[in-house]
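Here, each number is a calculation from the coordinates, and none is a lab measurement. These numbers come from a predicted model, not from an experiment. Cβ atoms come from the backbone with ideal geometry, glycine included; neighbour counts cover every protein chain shown.
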Amino acid sequence: VRVAVLISGTGSNMAALIDAGQAADSGYEVSLVLSNIEDAGGLAIASAKGVATVSIPHKPFGKDREAHERAVDEALRAAGVEVVALAGYMRILTPWLVRAWEGRMLNIHPSLLPLYPGLDTHARAIAAGDAEAGCTVHLVTEGVDEGPILGQARVPVLGDDTPAALAERVKTAEHGLYPQVLTSFCKGLARA
Ligand code: GRF
């Protein structure tokens, strides 16, 4: 299954997805990494791993979010992409793109959804006194961070945690969870 990973920044989840996809029995390969930020750190990492990259900055499209998404969609189709994995892609999608990839677009979110959709998840988990935190891979639907949950991983919240320390622990869990969920998702598609 041909997968595109959409990023805006560091791309550590993207790197984990590429690496796992290169294993013989993964059932998917990352064939494109696409970013809305031209100098996103993840693009160089993807290139170094031999994966095609493209950046489609949103700025030139101004307020026309859908026009930017049509350009993104065109690049995905041109690359023969079948599944899209959002990994730190910091754009809220319009219903148009969500519908275009319905049932074939995944996202990873750094909380145990339905807890803490949106930003600052780790600070919110610490402020609430939660004993555990984690991450969620879900299908993308029109409501932000609301789609059907495909998998979760849990980590403890420690007594002296800062948001940064907790974020790092959750990130490590993300790097295990996302490739695992994408692998079984793509195997399911292949069987269908
Ligand atoms: C991750 O914490 C992910 O859950 C969130 O954005 C962050 C991306 O990090 N959606 P990276 O670019 O994969 O390192």
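Every residue in the range 27-59 that is within 16 Å of the chain's Cα centre (by Cα) and in a loop (DSSP other than H, G, I, E, B), please.
Matches in the range 27-59: Tyr28, Asn36, Ile37, Ala40.
For the subset of the range 134-192 comprising residues that are part of a helix (DSSP H, G or I) and among the acidic types (Asp, Glu), which member is surrounded by the most Cβ atoms within 10 Å (Cβ to Cβ)?
So the residue we want is Glu174.
Could you look through the range 33-53, keep only residues that are crowded, with 17+ Cβ neighbours inside 10 Å and among the hydrophobic types (A, V, I, L, M, F, W, C), and pick out the one that is farthest from Ile7 (Cα to Cα)?
Among those that are crowded, with 17+ Cβ neighbours inside 10 Å and among the hydrophobic types (A, V, I, L, M, F, W, C), it is Val51.
I'd like to know if the range 63-83 contains one or more residues that are of a type in the set (A, V, I, L, M) and within 16 Å of the ligand (Cβ to nearest atom).
No; the residues of the range 63-83 include none that is of a type in the set (A, V, I, L, M) and within 16 Å of the ligand (Cβ to nearest atom).
Within the range 92-129, work out how many residues are at positive phi and more than 16 Å from the ligand (Cβ to nearest atom).
2
Determine whether Val30 is more than 16 Å from the ligand (Cβ to nearest atom) and surrounded by 14 or more Cβ atoms within 10 Å (Cβ to Cβ).
Taking the combined requirement at face value, the residue does not satisfy it.
Can you pull out every residue in the range 1-24 that is away from the ligand (no atom under 11 Å from the Cβ) and closer than 15 Å to Phe185 by Cβ?
Residues satisfying the conditions are Val1, Arg2, Val3, Ala4, Ala20, Gly21.
Search the range 158-185 for residues being more than 16 Å from the ligand (Cβ to nearest atom) and in contact with a helix residue (DSSP H, G or I) (Cβ under 9 Å, 6 or more places away or on another chain), and hand back the single one that is nearest to Ala4 (Cα to Cα).
Thr183
May I ask you to verify whether Gly103 is free of Cβ contacts under 8 Å to residues at least 60 places away in the same chain, among the small types (Gly, Ala, Ser), surrounded by fewer than 17 Cβ atoms within 10 Å (Cβ to Cβ) and in contact with a Leu (Cβ under 9 Å, 6 or more places away or on another chain)?
yes
Could you give every pair whose Cβ atoms fall below 7 Å, whose first residue belongs to the range 167-192 and is farther than 22 Å from Ala133 by Cβ, and whose second residue is assigned to a helix (DSSP H, G or I), counting only separations of at least 6 or pairs across chains?
Here the result reads Thr183/Ala20, each pair linking the range 167-192 to a residue that is assigned to a helix (DSSP H, G or I).
Could you check the range 1-26 and list, in sequence order, the residues that are over 15 Å from the mean Cα position of the chain (by Cα) and buried (at least 19 other Cβ atoms within 10 Å of the Cβ)?
Passing the criteria: Val1, Ser26.
Search the range 60-79 for residues being more than 19 Å from the chain's Cα centre (by Cα) and outside any helix (DSSP H, G or I), and hand back the single one that is surrounded by the most Cβ atoms within 10 Å (Cβ to Cβ).
Asp64
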